[in-house]
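Notes to accompany the following structure.
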Amino acid sequence: MKILVTGGLGFIGSHTVVELQDKGFEVVIIDDCSNSSEKVLEGITSITGKMPLFEKIDLKEKSKVEAFFKKYQDIEGVIHFAASKAVGESVEKPLLYYENNIGTLVYLLKELSKKNTSNFIFSSSCTVYGQADKMPISETAPVKPAESPYGNTKQMGEEIIRDTCAVTQGLNAIALRYFNPMGAHPSGHIGELPIGVPQNLVPFITQTGVGLREQLSVFGDDYPTEDGTCIRDYIYVVDLAKAHVQALQRLLEGKNEENYEVFNLGTGKGSSVLEVIHSFERVSGKKLNYKIVDRRPGDVVSAYADTKKANEVLGWKAEYTLDEAMKSAWEWEQKIRA
Ligand code: UD1
């Protein structure tokens, strides 16, 4: 069975390709390599023993998207990761984000609407909840006005899919709202490859640990939390990848209750920035150089998932602990800098 994975050379995409291949799916990757490298194909192949098909396509080129679906008429499911994800950059360049994240989604859905049946998995984010009123955050928590164009593309993306599903016979979709993905494949063949200075906490920590960055800035320790730093739900990327396969199988087997469904993907456990730092110190045996600085604008105090729906309806549960995920991130960082 052939599955298209857009952005399949990226961080979460590549780990999902591995899990799909392990389950016997044939994978076709579309990636424009704007934030990834063709070398990731080798990493995937080293793990699974099978090279996925690869088409270097920029999804903004509508005619190329049409030509792709003419060439691969036997695609039975699409997992759509390809998108830009830097919050700050999205504030600077909103149109780039709307074109990259929304324009391409529309082209894909147009092609899928032409088919009798199609199954679509969408990369969404817990950012759609903003600062939720209640912890843990369940799927019924209200979607809050987006803090950035990036966040808005995830909200709008979900709405576009929902509206399209409502009128398109045979189109089934699941939006997966990720909390904070981290870590690398235990094989050491694939992992996160941030370009430039990492914006996210975990790659910044491991790069500091390895000496690439001098010091981590902790954005605020005066939040209303136990140690004053923000709380997030850090989820191991391999666990996250497995959830995608589970969601896809739910659609392929027709087990979905509605043609558009939403699931949170997190561990259900919140960790503060300081707890993440301590996890790094435990698994690496190194002291991390960090200092407390001002809050980062736009950060929410706390966000962790209510995992009940994913556990009970999707039949998926995160298995790895923060320390295990951190260990994989640290091993990966040391490997790519060696
Ligand atoms: C961020 C985005 C979110 C996006 C997600 C994608 C913001 C405000 N949010 O989530 O919309 O979906 O990335 O990966 O950008 N921290 C530090 N020092 C650092 C980096 C981070 O203290 O150098 C802290 C942050 O304040 C936060 C936590 O670490 O409390 C996690 O930060 P990050 O990894 O950027 O994730 P989010 O902010 O949760």
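Worth pointing out:
- Sequence-ordered 3J(HN,Hα) estimates for the range 37-52 from the Karplus curve with 6.51, -1.76 and 1.60 and θ = phi - 60° stand at 9, 5, 4, 4, 4, 5, x, 4, 5, 4, 7, 9, x, 9, 7, x Hz, glycine and proline given as x.
- Value at 222 nm in deg cm²/dmol, rounded to 500, when DSSP H runs of n ≥ 4 in the chain each add -39,500 (n - 2.57): -11000 deg cm²/dmol
- The fraction of accessible area contributed by carbon and sulfur in the range 65-116 is 55 percent, rounded to a whole number (1.4 Å probe; ligands and nucleic acids excluded).
- Diffusion coefficient of the chain by Stokes-Einstein, Kirkwood radius over Cα pairs, 10 °C, 1.306 mPa s: 78 µm²/s.
- Derived scalar couplings ³J(HN,Hα) [the range 190-201; Karplus, 6.51 cos²θ - 1.76 cosθ + 1.60; whole Hz; x for Gly, Pro]: 9, x, 7, 10, x, 8, x, 6, x, 8, 8, 4
- Accessible surface of the range 244-338, 1.4 Å probe: 46 percent of it comes from carbon and sulfur atoms.
- In the context of the full set of protein chains, residues of the chain present 45 Å² of accessible surface per residue (probe radius 1.4 Å, heavy atoms only).
- Computed from point charges on the beta carbon alone (+1 for Lys and Arg, -1 for Asp and Glu), the dipole magnitude for the range 215-338 about its Cα centre is near 440 Debye.
- For the range 314-330, backbone phi angles converted through the Karplus equation (6.51, -1.76, 1.60; θ = phi - 60°) give residue-by-residue couplings of 7, x, 10, 8, 5, 10, 8, 8, 4, 4, 5, 5, 5, 4, 5, 5, 5 Hz, Gly and Pro being listed as x.
- Among A83, L212, L112 the positive-end extreme of the charge dipole of the chain (Cβ point charges): L112
- Accessible carbon and sulfur surface of the range 122-167 relative to its total accessible area, %, 1.4 Å: 53 percent
- Solvent-accessible area of K85, all protein chains in place: 120 Å² (probe radius 1.4 Å, heavy atoms, ligands and nucleic acids excluded).
- Probe 1.4 Å, all protein chains present, accessible-area order of M326, M156, M51, largest first: M51, M156, M326
- Among 143-151, 42-50, the order from most to least packed when residues are scored by Cβ within 10 Å on average: 143-151, 42-50
- Selected from G285, L274, P297, residue furthest toward positive end of dipole (the range 268-315; charges at beta carbon): G285
- Mean separation of Cα contacts under 8 Å (6+ apart) over length of the chain, as relative contact order %: 19 percent
- Counting only DSSP beta bridges whose two residues both lie in the range 204-338, roughly 25 percent are antiparallel.
- Accessible area, probe 1.4 Å, largest first, for residues L193, L59: L193, L59
- Structural descriptor for the range 54-167: relative contact order 31 percent, calculated from alpha carbon pairs under 8 angstrom and at least 6 residues apart.
- Antiparallel DSSP beta bridges within the chain, percent to nearest 5: 5 percent
The values are calculated or read from the model by the stated rules, or taken from the named source; none is laboratory data. All values derive from a computational prediction rather than experimental measurement. Positions of Cβ are generated from backbone atoms using ideal geometry, with glycine treated the same way; all protein chains shown enter the neighbour counts. Quick note on the areas: whole protein, heavy atoms, side chains included, nothing else; ligands and nucleic acids left out. Shrake-Rupley method; radii C 1.70, N 1.55, O 1.52, S 1.80 Å.
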